[in-house]
Amino acid sequence: MHAVTHRRRYRLLLVTVAALLWSLAGLFVRLIDLPVWDLIFWRCAFAGAALFAISILRPSPGATFGWIGVGASILAAVTMAAYAASLTLTSVANVLIVYATLPFMTAGLAWILLKERCTARMLVASAVSLAGVVLVAGQSLRLADLAGNGLAVVMTVTFAGLLVMTRRFGRLHLTRVNAVAACLCVLVAAPLVSGTVPDPRTLLFAAGLGILTTALSFLLFLEGGRHIPSTEAALISLLDVVLGPLWVWLVISERPGMGALVGGAIVLAAVIWYLSPGLGRQRDVTVSAPCGATHACVDSRTRAS
């Protein structure tokens with residue numbers, strides 16, 4: 001029992017660290033003055049290089065890729081590109097409103113594809129989190145932001161699908177999936193960049209954006225998220241919503257409004273409330289089994305011991 005509890009805490013730690021790294025993305029974007037396609041290009045170029053280096057230094061014997069990996073890479077690439085593009089077309093607040101629906105979207109896909117049950121506690125925590133993020137956003141939602149909001153929806157749906165896919169296929173090579181996704185983004189963005197090489201300072205920030213908030217964060221999140229309920233991983237990721245404005249406030253002195261502070265506190269409280277009963281005991285009783293061509297995955301059931 002102690003070993004199971006330790007493994008669960010380790011997986012939760014991976015997902016939490018990933019959310020912390022993700023929360024730095026807004027700060028890096030504020031420090032980088034580049035057109036959107038240049039931003040996507042350099043971000044994913046550094047992320048791809050880091051991921052390929054990780055795959056060489058830390059090989060994964062027995063991991064698979066194949067057509068399932070190609071599909072997962074496409075989902076990851078769309079997620080990466082749509083996130084950056086949505087921030088240039090609409091406000092961060094609008095993107096956060098849409099992103100806050102990730103637990104709902106993930107729960108729906110997990111129920112349809114994995115028959116993974118969603119507890120009442122999860123639904124309550126997700127609803128409270130959504131209310132908190134709506135409070136953060138205030139009344140910034142406008143019809144003129146339709147394109148950006150649409151891309152935010154695409155980003156959230158594809159990320160939810162990626163979470164469920166990595167849980168369904170336990171042997172999927174996550175490092176390779178994200179490396180290929182980054183390369184796909186580079187190939188798509190290359191013809192659309194301005195052609196100007198950024199200055200060293202901008203390149204340094206772009207490297208931080210790509211390596212920390214894209215390569216390592218995606219890798220840690222998917223590695224931890226594949227072994228805990230998909231909706232639980234999605235809920236923890238909402239810590240990004242709380243911490244993102246905080247880093248911008250501390251570094252750039254962009255003070256969040258009272259609505260952002262109160263809404264962020266609500267999201268943080270919802271996450272802590274949901275996780276606190278299970279931190280000391282096993283909740284993920286049946287872990288997803290590795291899936292191969294002739295083996296069926298074991299459905300994951302979430303229940304308290």
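Computed from the coordinates by the stated procedures, all read-outs in this text should not be read as laboratory data. What you see is a predicted model, and the numbers here were worked out from it, not measured in a lab. Cβ placement follows ideal geometry from the backbone for every residue including glycine, while neighbour counts extend to all protein chains displayed.
Observations on the model:
- Positive dipole terminus of region 2-278, leading residue within T119, A53, I236 (C-beta point charges): T119
- Three-way shape call for region 2-278 based on the alpha-carbon gyration tensor, with the a/c threshold at 1.5: oblate
- Spacing of the modelled spin labels on A120 and S276, each 7 Å from Cα toward Cβ, amounts to 1.9 nm.
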